[in-house]
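Undergrad: Could you have a look at this structure, given as structure tokens, before my questions?
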Amino acid sequence: MVVVLGAIMSILDVTVVNVAINDLAKEFKTPLSTIQWVATGYTLALATVIPITGWASARFGTKRLYMISITLFVAGSMLAGLAWSAESLIAFRVLQGLGGGMIMPAGMTILTQAAGPQRVGQVMSVVGIPMLLGPILGPILGGYLVDDVSWRWIFFINLPIGIVALFLAGRILKRDTPKRSERLDLIGLILLSPGLAALIYGLAKGAELRNFTKTEALIPTVVGAVLVIGFVFRAMNAKNPLIDLRLLKRRSVAAASGTMVLFMAAFMGAMLLMPLYYQTVRGESALTSGLLLAPQGLGAMVTMPIGGKLTDRLGPGRVVLVGMVVVVLSMAGFASVLEADASYWALGGVLFVMGLGMGMTMMPTMAAAIQTLVHDEVPRATTMLNIIQQVSASLGTAMISVLLANQLTSNLGGGGGEIGSAAKVPKEVMDKIAGPMADAFQHTYWFAAGALLLAFIPALLLPRKKPDAPVEAPIQMH
């Protein structure tokens, strides 16, 4: 219960904010290309702290780390709720992400140690509860709070949950016995974290300006790329690197990583579009938007356990390819039917089918990387894949939102960047611009569907039969 409380907070926060983006844009009179950093900054912060969680668990003990991460998350939530500008909100969301990134890995370590190796399957089913509930409850809870209370309460709601989780953790979890740990790869951390932030910011800025050679886009892109390349060289040669990139020499790990990069960038970017469409084109409230998004979470809930069993029986390659075909067809479905007066039943059906595909793609892709590794390599691979997942989600959210803002600006003759202003438009004007706005969403969905097709290239290299138990020696540290 202690671990699920923490996990629910960190996972809900990813989905709760999506339905509030439109209201936050209105509140701070900020264009979509800026306000989307409320989501992007959070996921980027998650990616930054995941690699140091293993070192910190050994150095400080899992109970202490878990309580520190919840405290950071709650402090970030409180400050985000008190934010006075878009810039302050983005900064506090980053602080929130620094805590949130450590909650799940530390919690899973606590559960695994408490349950023992014979009950890891049960542990994963417990951790799966917030993962399944997040996409369903997050948008509904976020919509209710934004409409009937205040957008600030999508952050304040974490305070009572966090305080209860801290109290229970202090009372129930066993005392830590910190042990001597490997040295933290500080050089790797200094290269990777600022490098990723600069690279994603530069690419998003270039897309926003429609010119990647302008100084404000080129400089952060080049600096970020140089730092990330420096990190790659460091990771391939260091004794205990922050992320063990040598695992990518395994075909299954490399194929799973490539699939995840392209799939997560396109899919998570597209996740931002539906609540915005419902609120800006159809004039729905945040709560109604959240309820209309529920079919996707229900679809994922149906196929997640089935996908896991089929992966064990048939091998991940076949399951992932089927899941990706379903997701791509769903994206194309949105791009085809997303008119200004599209049927909600049709959109709900497509969302449900997309959820079915997502449930058969995410976990089997992770399993494809892990199934061929020996025991000592699994934590290193899991860390790397979690970082890839968060960074890809950040990049996808940034690029898709900028693409949508540009398309809206183009279709509406310069007024589309301020997406939050749609609610203030008189009905007779809204009737005229709803069509061009829906066209902008359709165009962006076609782009996301095209980007998803690229993910089939690495996915075709995933193993298509159940792999034999790994017997090779672990990768040697040099």
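Undergrad: Please tell me if residue 279 is touching a Pro at 6+ places or on another chain (Cβ under 9 Å) and of a type in the set (S, T, N, Q).
TA: no
Undergrad: Of all the helices (runs of 4 or more DSSP H) wholly in the range 235-346, which have at least 2 residues that are farther than 21 Å from residue 385 by Cβ?
TA: Filter on the range 235-346 gives 273-276, 286-314, 316-337.
Undergrad: Could you check the range 289-327 and list, in sequence order, the residues that are within 19 Å of residue 257 (Cα to Cα) and of a type in the set (A, V, I, L, M)?
TA: Of everything in the range 289-327, those that are within 19 Å of residue 257 (Cα to Cα) and of a type in the set (A, V, I, L, M) turn out to be 319, 320, 321, 322, 324, 325, 327.
Undergrad: Take the residues in the range 329-361 that are surrounded by fewer than 21 Cβ atoms within 10 Å (Cβ to Cβ) and under 18 Å from residue 453 (Cβ atoms), then tell me which one is nearest to the chain's Cα centre (by Cα).
TA: Checking each candidate, the answer is 353.
Undergrad: Please verify whether the range 353-368 includes one or more residues that are in a helix (DSSP H, G or I), small (Gly, Ala, Ser), at pLDDT 80 or above and over 24 Å from residue 13 (Cβ atoms).
TA: Taking every residue of the range 353-368 in turn, at least one turns out to be in a helix (DSSP H, G or I), small (Gly, Ala, Ser), at pLDDT 80 or above and over 24 Å from residue 13 (Cβ atoms).
Undergrad: Only one of these is surrounded by fewer than 22 Cβ atoms within 10 Å (Cβ to Cβ), among the aliphatic types (A, V, I, L, M) and either more than 27 Å from residue 280 (Cα to Cα) or outside the structural domain of residue 161 (by TED's automatic domain parsing) (or both): 82, 46, 65, 72. Name it.
TA: Result: 72 is the single residue among 82, 46, 65, 72 that is surrounded by fewer than 22 Cβ atoms within 10 Å (Cβ to Cβ), among the aliphatic types (A, V, I, L, M) and either more than 27 Å from residue 280 (Cα to Cα) or outside the structural domain of residue 161 (by TED's automatic domain parsing) (or both).
Undergrad: Being of a type outside the set (A, V, I, L, M), modelled with pLDDT under 80, assigned to a helix (DSSP H, G or I) and out of contact with any His (no Cβ under 7 Å at 6 or more places or on another chain): is that true of residue 112 here?
TA: yes
Undergrad: Take residue 385 and decide whether it is within 26 Å of residue 18 (Cβ to Cβ), in the same structural domain as residue 283 (by TED's automatic domain parsing) and at pLDDT below 85.
TA: Yes, satisfied.
Undergrad: Moving to a separate point now. Give the residue, chosen from 30, 71, 34, that is at pLDDT 80 or above and not in a helix (DSSP H, G or I).
TA: 30
Undergrad: Report whether or not residue 290 is under 18 Å from the mean Cα position of the chain (by Cα) and farther than 24 Å from residue 452 by Cβ.
TA: yes
Undergrad: A further question on this structure: Scan 303, 288 and give me the residue that is farther than 25 Å from residue 44 by Cβ and at pLDDT 85 or above.
TA: Among 303, 288, only 288 is farther than 25 Å from residue 44 by Cβ and at pLDDT 85 or above.
Undergrad: Hey, can you tell me all the residues within the range 228-243 that are within 27 Å of residue 398 (Cα to Cα), touching a residue at least 12 places away in the same chain (Cβ under 8 Å) and surrounded by fewer than 20 Cβ atoms within 10 Å (Cβ to Cβ)?
TA: 228, 230, 232, listed by residue number.
Undergrad: With the structure loaded, tell me whether residue 103 is aliphatic (A, V, I, L, M), closer than 22 Å to residue 161 by Cα and either modelled with pLDDT of 80 or more or in the same structural domain as residue 11 (by TED's automatic domain parsing) (or both) or whether it fails that test.
TA: When the stated conditions are applied, residue 103 passes them.
Undergrad: Check the range 176-188 and report whether any residue there is more than 19 Å from residue 35 (Cα to Cα) and at pLDDT 85 or above.
TA: Taking every residue of the range 176-188 in turn, at least one turns out to be more than 19 Å from residue 35 (Cα to Cα) and at pLDDT 85 or above.
The values are calculated or read from the model by the stated rules, or taken from the named source; none is laboratory data. Computed from a predicted model, the values in this text were never measured in an experiment. No Cβ is skipped: glycine too gets one built from the backbone with ideal geometry, and neighbour counts run over all protein chains shown.
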